[in-house]
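Below: the structure, in structure tokens.
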Amino acid sequence: IAKEVAKLLEMKAQLGGDEGKHKFVLKTPKGTRDYSPKQMAIRERVFNAIITCFKRHGAEVIDTPVFELKETLTGKYGEDSKLIYDLKDQGGELLSLRYDLTVPFARYLAMNKITNIKRYHIAKVYRRDNPAMTRGRYREFYQCDFDIAGQFDPMIPDAECLKIVHEILSDLQLGDFLIKVNDRRILDGMFAVCGVPDSKFRTICSSVDKLDKIPWEEVRSEMVGEKGLSPEAADRIGEYVQLHGGLDLVEQLLQDHKLSQNKLAKEGLGDLKLLFEYLTLFGIAERISFDLSLARGLDYYTGVIFEAILLQPENDHVEEPVGVGSVAGGGRYDGLVGMFDPKGRKVPCVGVSIGIERIFSILEQRVEASQEKIRTTETQVLVASAQKKLLEERLKLVSELWDAGIKAEVLYKKNPKLLNQLQYCEDTGIPLVAIVGEQELKDGVVKLRDVATREEVNISRESLVEEIRMRTSEH
């Protein structure tokens with residue numbers, strides 16, 4: 001290494017001569033990234049699928065500022081609050097970048113006295129994490145949220161949120177997935193019957209939440225060693241949190257004499273039973289698993305919580321399977337709006353957040369692997385000419401096409417060679433070329449060439465727009 005370093009230093013000395021100039025560091029800030037046109041094309045595909053689904057379920061759309069008053073965000077995220085990005089004091093207001101879209105949504109509802117809305121919101125959020133970017137984690141990233149706020153009969157909106165997750169993950173064809181479901185009340189009831197003191201509920205909850213990443217032994221030693229829980233209580237928790245199943249497990253726990261005596265747990269189990277009935281009606285119950293280890297670390301959940309994970313196929317020929325984990329999560333948070341309302345009026349809410357960055361990194365890797373050609377423009381036709389001195393005619397025609405709503409381009413050269421124009425179409429995936437030449441102009445036609453098949457036909461100027469629309473509607 002020393003030898004290599006010496007060699008590099010020597011090369012640097014030879015290059016020299018830059019002493020006076022300030023060197024710019026050309027990089028994006030830690031935990032952020034740029035998106036190239038190709039990456040944006042994939043990203044837009046994903047956004048469109050998600051927005052289509054949200055709209056299919058009747059959601060409206062809102063937007064909120066990227067920063068909030070610091071006190072709006074404080075105390076809403078439990079142990080994760082240390083990851084909030086604080087901004088410098090600006091004219092007497094202490095501000096922080098938003099950490100998610102849920103707390104701003106609750107603030108919006110309370111501020112505007114809204115008691116009933118179904119909305120989606122897609123925007124960037126910020127976390128001062130030390131992210132492992134390879135696993136699709138960033139400091140600046142998009143969230144796609146869908147929430148139903150209002151006083152409704154139990155579990156109907158909750159079931160719809162799970163149906164939405166199912167629709168989106170199926171539509172994006174990400175492979176096999178599982179949606180884990182639990183209920184905060186069942187967790188709290190379980191903690192109570194296992195002998196966890198009230199004051200430790202939230203912090204023990206955060207430990208349980210790590211069970212998908214680390215084995216039970218490590219979680220247990222964190223509870224006992226770091227968080228001061230008695231070993232007996234930890235062992236009792238262990239008996240529950242390793243259980244998972246479907247409706248059968250709900251029934252089994254309703255019979256569990258310790259749990260069912262706890263009012264909270266009993267309520268939660270009753271609601272889960274109802275939820276599974278609705279999920280069966282929606283035809284998605286087989287993808288749902290009732291999992292007692294699911295805790296979701298956020299403080300504001302009050303009822304049903306859920307998380308969707310992708311399942312890695314066993315015999316994939318990939319040397320290094322993409323460890324992706326959770327691609328969607330959410331739950332019921334009935335108390336959050338009340339925290340902001342001066343009169344403490346509660347607006348029950350349930351919502352889901354789609355983990356767009358993770359989904360995106362899977363699709364990106366898939367495109368890389370398949371070497372699929374991704375179009376980064378939507379141009380339908382290139383206006384070209386085979387002879388010189390026809391720039392004016394090309395500009396006139398391209399303008400006609402633009403005015404008719406056709407996506408068209410023209411090369412920015414007075415006299416481009418026909419071969420170069422056709423090559424441009426090959427490179428960018430433009431399917432058609434409209435060629436103007438002297439003879440065509442006399443005859444009032446345009447030669448329309450199909451780039452893939454190389455077929456050419458003369459089309460009258462009047463019917464050109466219609467012809468282009470017809471030919472590119474299936475593209």
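The values are calculated or read from the model by the stated rules, or taken from the named source; none is laboratory data. Predicted model, so just to flag it, every value in this text is computed and none were measured. Here the Cβ positions follow ideal geometry from the backbone for every residue, glycine too, while neighbour counts run over all protein chains shown. SASA here: full protein model, heavy atoms, side chains in, ligands and nucleic acids out. Shrake-Rupley method; radii C 1.70, N 1.55, O 1.52, S 1.80 Å.
Could you give the length gained by full extension between GLU217 and ASP427, i.e. 0.36 nm per residue of separation minus their alpha carbon distance, to one decimal place? Spell out each step's value before the answer.
Details: separation 210, 0.36 × 210 = 75.60 nm, distance 5.57 nm.
Roughly 70.0 nm would be gained on extension.
For the range 37-370, with all protein chains present and a 1.4 Å probe, just round the carbon and sulfur fraction of the accessible area to a whole percent. Can you show the working numbers first?
Details: 7900 of 15380 Å².
Answer for the range 37-370 is 51 percent, counting heavy atoms of protein chains only.
Excluding ligands, DNA and RNA, the accessible surface per residue across the chain is 54 Å² with a 1.4 Å probe. Just so you know, the Rg over Rh for the range 381-471 is 0.91, from Cα atoms, with Rh as the Kirkwood radius.
Checking the table LYS396/LYS442; LYS82/LYS266; LYS76/LYS343 against a 27 Å threshold on Cα-Cα, which pairs fail? Show your work: numbers first, answer last.
Working: LYS396/LYS442 15 Å; LYS82/LYS266 34 Å; LYS76/LYS343 18 Å.
Over 27 Å Cα-Cα: LYS82/LYS266.
Could you check what % of the DSSP bridge pairs in the chain are antiparallel, to the nearest 5? Please report the intermediate quantities before stating the final value.
On the way: 49 of 62 bridges.
Roughly 80 percent of the DSSP beta bridges within the chain come out antiparallel.
Relative contact order of the chain: 15 percent, from C-alpha pairs under 8 Å at least 6 residues apart in sequence. Computed from the C-beta positions of MET470 and ARG366, the FRET efficiency with R₀ = 30 Å rounds to 0.40. Of interest is the spacing of the C-alpha centroids, which for the range 207-258 and the range 83-135 amounts to 32 Å.
Relative protection proxy for 45-58, 374-387, from highest mean packing down: 374-387, 45-58 (other beta-carbon atoms within 10 angstrom).
Evaluated at q = 0.11 Å⁻¹, a Debye calculation over the C-alpha positions of the range 227-374 (equal weights, vacuum) places log10 I(q)/I(0) at -0.62.
Spin-label model, LYS55 to ALA123: label points 7 Å out along the Cα-to-beta-carbon direction sit 2.0 nm apart.
The value obtained for the range 250-289, namely the Cα convex hull volume divided by the number of residues, is 54 Å³ per residue. Across the range 330-338, computed HN-Hα scalar couplings (Karplus, 6.51 cos²θ - 1.76 cosθ + 1.60, θ = phi - 60°) run x, x, 9, 9, 7, x, 5, 4, x Hz from first to last residue, x flagging Gly and Pro. Would you mind telling me the share, in percent, of accessible area of the range 381-471 contributed by carbon and sulfur at probe 1.4 angstrom? C and S atoms contribute 51 percent here. Our compactness index for the chain, the C-alpha radius of gyration over the empirical 2.2 N^0.38 Å, is 1.27. For the peptides 161-169, 89-97, 247-255, the ranking by packing is 161-169, 247-255, 89-97, with the highest mean count of neighbouring Cβ atoms within 10 Å listed first.
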